[in-house]
Amino acid sequence: MFKKIEEPRIQNISEREVASTMAASPFVELRNTLPSHVDIISPFVDQQLRFISRFPGANANNFEIELALREALANAIVHGNREHPRKLVYVKCRCTTDGDVLITIADEGRGFNNDAVPDPTSPANGQRTHGRGIYLMKTLMDEVQFERGGSVVHMRKRANASSGTTRKPQ
């Protein structure tokens, strides 16, 4: 169901930053390529969480990681690739032995302007149907960064971070 890729398919600026922060902490990385079908999200997230749960410190944050991962995948499939059957979603999940979890999701879409996404907590935007997923990702994860015009998202959850429900979005 899931096709693993051997060679890196996602090139980005933050690779150097991630490599430098990971130098002191060994890690295991899992890469997957997914079709643009929303029905793949739940089984894939379940698979990723089984992988993540094998590392120390990850279990305390699993719900936050799960929800952020679901939202990022849905955004990539529905908004990025527009559920086009020939477009793929690339997922990289890196877990350190210290319990940090880094997830990168890339789609083959045109991207979006992150600054143009309305704040879903504003009373004026209460009835809008867009922007909640990004808000949740930023609230639940310790770091969220968009690249390539929004077609790549990097998310990080630190093992020693407090619950995302008390943090404000980035």
Residue 120 vs. criteria touching a Gly at 6+ places or on another chain (Cβ under 7 Å) and part of a loop (DSSP other than H, G, I, E, B): yes
For residue 108: the one exception among (1) crowded, with 19+ Cβ neighbours inside 10 Å; (2) modelled with pLDDT of 70 or more: (1)
Lone qualifier among 67, 102 - being surrounded by 19 or more Cβ atoms within 10 Å (Cβ to Cβ) and at pLDDT 95 or above: 102
Residue 51 in contact with a Leu (Cβ under 6 Å, 6 or more places away or on another chain) and free of Cβ contacts under 8 Å to residues at least 60 places away in the same chain: yes
Boolean, residue 77 is part of a helix (DSSP H, G or I), in contact with an Asp or Glu (Cβ under 7 Å, 6 or more places away or on another chain), buried (at least 18 other Cβ atoms within 10 Å of the Cβ) and β-branched (Val, Ile, Thr): yes
Positions within the range 29-64 being within 18 Å of residue 100 (Cα to Cα), at pLDDT 95 or above and not in a helix (DSSP H, G or I), in sequence order: 29, 30, 31
Any hit, the range 107-116, residues being polar (S, T, N, Q), over 19 Å from residue 33 (Cα atoms), in contact with a Pro (Cβ under 9 Å, 6 or more places away or on another chain) and assigned to a loop (DSSP other than H, G, I, E, B): no
The range 123-162, residues that are assigned to a helix (DSSP H, G or I) and either under 18 Å from residue 89 (Cα atoms) or modelled with pLDDT of 90 or more (or both): 133, 134, 135, 136, 137, 138, 139, 140, 148, 149, 150
When residues of the range 61-79 are limited to those that are more than 11 Å from the chain's Cα centre (by Cα) and free of Cβ contacts under 8 Å to residues at least 40 places away in the same chain, the one nearest to residue 105 (Cα to Cα): 79
Residue 94, sole failed condition from (1) modelled with pLDDT of 95 or more; (2) surrounded by 15 or more Cβ atoms within 10 Å (Cβ to Cβ); (3) under 19 Å from residue 146 (Cα atoms); (4) over 15 Å from the mean Cα position of the chain (by Cα): (4)
Check on residue 94, in a helix (DSSP H, G or I) and either more than 13 Å from residue 34 (Cα to Cα) or of a type outside the set (Phe, Trp, Tyr) (or both): no
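The values are calculated or read from the model by the stated rules, or taken from the named source; none is laboratory data. Bear in mind the structure is a predicted one, so any value in this text is a computation, not a measurement. Please note: Cβ atoms are built from the backbone with ideal geometry, for glycine as well, and neighbour counts cover all protein chains shown.
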